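Worksheet: one structure, shown below.
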Amino acid sequence: MNILNYKLSSTNELLTARIGLLATAHTIDQHFPALGSNCALKASTFINTLILSQHEGAQCLDDTTHIAKDKALRLITN
């Protein structure tokens, strides 16, 4: 039996297992641009939550808490 010589080190960087959702979030931002008002939120703010939770397999609004708790994904998608 061959044992591979790998060593793992710890990191303080934010990591996510949901990185595949990034492409979807980026596409949504392109197709739903911001409104003309400076005070308005982007439409993608609301749509991202719905679409990303569906791609992750959410069945109700409580399932969106997984996305809300993922600091790395929130940082990347703003």
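Could you run through the stretch 35-67 and say how many residues are modelled with pLDDT under 75 and over 14 Å from the mean Cα position of the chain (by Cα)?
Number of matching residues: 9.
Every residue in the stretch 18-34 that is modelled with pLDDT under 75 and among the small types (Gly, Ala, Ser), please.
The one that is modelled with pLDDT under 75 and among the small types (Gly, Ala, Ser): Ala34.
Give me the pairs: first residue in the stretch 1-25 and surrounded by 10 or more Cβ atoms within 10 Å (Cβ to Cβ), second residue at pLDDT below 80 and among the small types (Gly, Ala, Ser), beta-carbon distance under 9 Å, and six or more apart or on different chains, which are they?
Ala25/Ser44
Under 7 Å between Cβ atoms, which residue pairs at least 6 apart in sequence (or on different chains) link something in the stretch 54-78 that is in contact (Cβ under 8 Å) with a residue 12 or more places away in the chain and surrounded by 11 or more Cβ atoms within 10 Å (Cβ to Cβ) with a partner that is among the polar types (S, T, N, Q) and not in a helix (DSSP H, G or I)?
If the second residue must be among the polar types (S, T, N, Q) and not in a helix (DSSP H, G or I), the pairs left are Asp70/Thr16; Ala72/Thr16; Leu73/Thr16.
The values are calculated or read from the model by the stated rules, or taken from the named source; none is laboratory data. Quick caveat, the model's predicted, so the values are computed rather than measured. Glycine also receives a Cβ, built like all others from the backbone with ideal geometry; neighbour counts cover every protein chain displayed.
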